[in-house]
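What follows is one structure encoded as structure tokens, with my remarks underneath.
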Amino acid sequence: MRPARSAAHPSTPTPVGLRALRARPSLIHTAPEPPPLPRPRARGKFLFFGDEKFYVRGVTYGTFRPRADGTEVPDPDVVEWDFAQMAANGINAVRTYSVPPRWLLDAAGRRGLRVMVGLPVERFIGFLADKKKAPDVEQLVREGVRACAGHPAVLCYAVGNEIPASVARWFGARRVERYLERLYRAAKDEDPDSLVTYVNYPSTEYLRLGFLDFACFNVYLESQDRLRAYLARLHSLVGDRPLVMSEVGLDSRRNGEDVQAHTLDWQVRTVFAAGCAGAFAYAWTDEWYRAGAEVEDWDFGLTRRDRLPKPALRAVREAYAEAPFAPQLYWPRVSVVVCTHNGARTIRDCCEALRRLDYPDYEVIVVNDGSSDATAAVVEEYDFRLIRTRNRGLANARNTGLLVASGEIVAYIDDDAYPDPQWLKYLAATFMSTTYAAVGGPNIAPLGDGPIADCVARAPGGPVHVLLSDREAEHIPGCNMAFRRSALAAIGGFDPQFHAAGDDVDVCWRLQERGWTIGFHPGAMVWHHRRNSVRAYWKQQIGYGRAEAMLERKWPEKYNGPGHVRWAGRMYGPGLTRLLGWRRPRIYHGVWGRAPFQSLYEPAPSLVAYLPQMPEWHLMTATLGAMAGLSVVWSPLRLALPLFIGAILPPVAQAWLSAAGACFPDAARPPLACLGRRLLTAALHLLQPIARLRGRLEEGLTPWRRHGDVRRAPLWTVTTAIWSERWASQDEWLRALERQLRAARTCVLCGDAHDGWDLEVRGGILGAARLLVGVEDHAGGKQLIRLRWWPRVPARGPMFALVVAALAVVAADAQAWLAAAALGLGALLPPLHIVQQCMAAMAAVQEAVARLRDGDG
């Protein structure tokens, strides 16, 4: 975001370098024609020409005084000189702010430069307020794209640049988003194979532009730490799409040329190290024309107005040459571990990509976990270390790789995934610059796996990361995670009880329990194949449900009463279900809309919005369906039928909204094909919680589950005291009690600042016990510790029992004995579970207090 510029009206000097060039005019047009390249593509977090990754190393060009033909570019000889100097300094892309003439594209192609064509629609957005007098902006976009369509030098089109924040605030975010989307579609209609973007800036970062092929931002920050942090934020906003910094730079008139060079050096290096797909340095020359006049009081150029180079040009040349990382860096040795079981179908892609990794010092260890297919034969074709074991499960296989790893960093990838060439560099660089114990990155579904895999990639239940901040993670998925070997060994590796899933969640929690942190780098990207059949997806989600149940037994305090993980962070991924009743987001504009960084604040959704997404919702739906079925023998139960229909509608609505909002590749398919994909995606949104519910129930994660064994214990308030001959703080006594309770594998929660209790021991969803501790200090450092604990019964259990019991009484009165018996049994079960769960919780507290009294704490 550049400050406003003032203008003056001098004549433009003739570039000194051009005088020398004109003396030898044959040098202007003698550059060889470059071989034709495929059209650029946005794949994952980067841009590609074919299979070759393309890092944008660009400069902005303009705006210039309009020529007689109306084009806002210099004379052809000046353009040829500029482009020759750009190519000689390692620049591969040029950004124009208006549609260039065809001859300029030809000149760029001769020098191997790609052009970001600007379509200046921001000049016309004010006409949204007066459509009668408005020019046909969509037609202007079509004409601009048509003038450049198909030219091999075109990198992309930019439909607009920095719509002013005050204008966006005036019209409203949604109207601006629709305006830009309409223009995006128009550009795609004229050149379907092209890339189309919009150049945003921090003052309107709240615009939701997920339809763009990739994201562009103009960012001017003069602090490296702030730039690093803001780039991480932008990556969180744009998700799995490439991010390009369309303007970075510094004014040399106010800061000096040496400071400009130093700043551009770290700006460019920071942009690439952050995982961006490229950058445009602002600008090529100090020559700048705006609002009908030459601008003389700003000097952002890499060259002066006479085209003589500044120190900034050398700084940018060197930074671009070393992007994304300097070659002289010392890279630690990395051990890449691939665990596979019957992965012959996909492991060749994994091995090929691992062989092509751009990293100086790494080894690949493949642990064949008892495969019965051709997996071992495929791996033997590569110069990797192959370890054969009997089938012992995923966690054991990962531990086997850890034991033989020689690297100080151990990276894990699945056999159905393959990495980006710079995967290890982004991971290792994060370890080198932070104290993280583990680092992960995004996993993105590759194109070409088929329509079902595309739908599965946009369905819930996939491997997603959970972020506490833009750079710190709470969870990283197992298909893309790396660890300091010392930290992973210190916690004993992976827990062998997890045979197919859940081990990655468990290891993240254990690292954080030790006080370590986990990082996330958006550039450390792997391609991860999704399930390519509905049956395979169903089986996968059942397995994930079982893993949830196993995790809940080991980490009950991480789960809420109904048995769902209480993530402290936010989940990221394309398959997240869109919740009903989503609270309307608010935009931070600042006072009078003057904030330079205007962000979107999204309140956390309410519990009511989450309910239809929970597996237990479907259990309740089945219960209502059974009650509606009993209406055959007792007609009053027909009242359950509208409730049953009402329970079905919210998940269906959520599924369709999620499928309708999903972004699919090849959006230009026939309407019926698009509708079919969305219907299948909606069906997967409905199937996923049902499959998870089945796996959870099979593994014991039921709403009526119990924590701890049922033993004789009072179901009333208990008060006692412990005399201590040594002094300790109240926190130490409570921590000792908490350790005793956790050692007994109970679910322990700590009270917050507004609670009248200190610890809660959850016996289950229907019963718990709460504990309060008070400490009295006595002479000689002695203490009397007073303890009181009592059972707690949430209202949900008694209320359900009373409602069902009332229905049973009414059924019996109507002599509907079958219905009365079924309802009576349903009314007896909740009180029974309440007693069991309260006794289990009270017994756990009683035993912990007894051990503390005996001095075991």
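The values are calculated or read from the model by the stated rules, or taken from the named source; none is laboratory data. Predicted, not measured: the structure shown is a model, and the values here were computed from it. So basically every Cβ, Gly included, is an ideal-geometry build from the backbone, and we count neighbours across all protein chains shown. Calculation scope for accessible area: heavy atoms of the full protein, side chains included, ligands and nucleic acids excluded. Shrake-Rupley method; radii C 1.70, N 1.55, O 1.52, S 1.80 Å.
Taking amide hydrogens as placed 1.01 Å from N in the peptide plane, the amide H of His475 sits under 5 Å from those of Val466, each at least 5 positions away in sequence or on another chain. About the centre of its Cα atoms, the chain shows a dipole size close to 1480 debye [charges on the beta carbon of Lys, Arg (+1) and Asp, Glu (-1) only; nearest 20 debye].
A 1.4 Å probe run over the protein chains yields, for region 294-419, 41 Å² of accessible area per residue, whole-number rounding.
Computed over region 97-221, relative contact order equals 25 percent, with contacts defined as Cα pairs under 8 Å that lie 6+ residues apart.
Take the Cβ atoms of Ala149 and Phe49, set R0 to 22 Å, and the FRET efficiency comes out at 0.80.
When you filter the trypsin sites (Lys or Arg not before Pro) in region 673-771 for DSSP loop state and at most 10 other Cβ atoms inside 10 Å of their Cβ, you are left with Arg712, Arg726. Once the Cα-Cα distance is subtracted from the 0.36 nm per residue extended length, the Arg711 to Ala500 segment shows a gain of 72.5 nm.
Relative to the dominant Cα principal axis of the chain, helix 503-513 is inclined by about 90°.
Given a 1.4 Å probe and every protein chain left where it sits, what share in percent of the accessible area of the chain is carbon and sulfur?
Details: 20880 of 37340 Å².
Carbon and sulfur together cover 56 percent of it.
Using Cα atoms only, what is the angle between the long axis of helix 640-660 and the major principal axis of the chain, expressed in degrees (0 to 90) to the nearest 10? Once rounded, one gets 20 degrees. What you get for region 204-258, charging only the Cβ of Lys and Arg (+1) and of Asp and Glu (-1), is a dipole of about 220 debye around the Cα centre.
Distance between the pseudo-spin-label points of Ala660 and Gln224 (7 Å out from Cα toward the beta carbon): 4.9 nm.
For the charge dipole of the chain, defined by +1 on Lys and Arg C-beta atoms and -1 on Asp and Glu C-beta atoms about the Cα centroid, which residue among Cys674, Trp733, Gly646 has the Cα displaced farthest towards the positive pole? After comparing all options, I get Gly646. Stretching Met620 away from Asp75 to a fully extended chain increases their span by 188.8 nm, per 0.36 nm per residue minus the current alpha-carbon distance.
Residue separation of Ala812 and Arg586 scaled by 0.36 nm, minus their Cα-Cα distance, works out to 76.0 nm of gained length. The label-point distance for Ala736 and Val259, in a model that sets each label 7 Å from Cα toward Cβ, rounds to 6.1 nm. Can you list the residues of region 379-419 with backbone N under 17 Å from a point 7 Å past the Cα of Glu698, pointing along Cα to Cβ? It comes to 393-394, nothing else.
By average Cβ neighbour count within 10 Å, what is the ranking of 789-796, 327-334, 468-475, 90-97 from highest down?
Packing order, densest peptide first, comes out as 90-97, 468-475, 789-796, 327-334.
When only the Cβ of Lys, Arg, Asp and Glu is charged (+1, +1, -1, -1), the dipole of region 435-553 relative to its Cα centre reaches about 260 debye.
If you take every DSSP beta bridge whose two residues both sit in the chain, what share of them, in percent to the nearest 5, is antiparallel?
Details: 59 of 111 bridges.
Bridges in the chain that DSSP calls antiparallel: roughly 55 percent.
Based on protein heavy atoms only, region 461-543 ends up with 34 Å² per residue of surface accessible to a 1.4 Å probe.
As a calculated quantity, the FRET efficiency between Ser486 and Ser236 at R0 = 41 Å, using C-beta atoms, amounts to about 0.90. For region 674-817, the per residue solvent-accessible surface stands at 53 Å², with DNA, RNA and ligands left out and a 1.4 Å probe.
For the ranges 562-568, 232-238, what's the packing order if you count other beta-carbon atoms within 10 Å of each residue, average per peptide, and put the highest first?
Details: 562-568: 14.7, 232-238: 19.9.
In decreasing order of mean packing, 562-568, 232-238 become 232-238, 562-568.
Here the calculated FRET efficiency for Lys539 and Asn391, from their Cβ-Cβ distance with R0 = 22 Å, stands at 0.85, rounded to the nearest 0.05. Summary of the geometry: region 78-109 and region 704-736, compared by the centres of their Cα atoms, lie 76 Å apart. If the Kirkwood radius is taken over C-alpha pairs of region 624-736, then at 25 °C and 0.890 mPa s the Stokes-Einstein diffusion coefficient equals 120 µm²/s.
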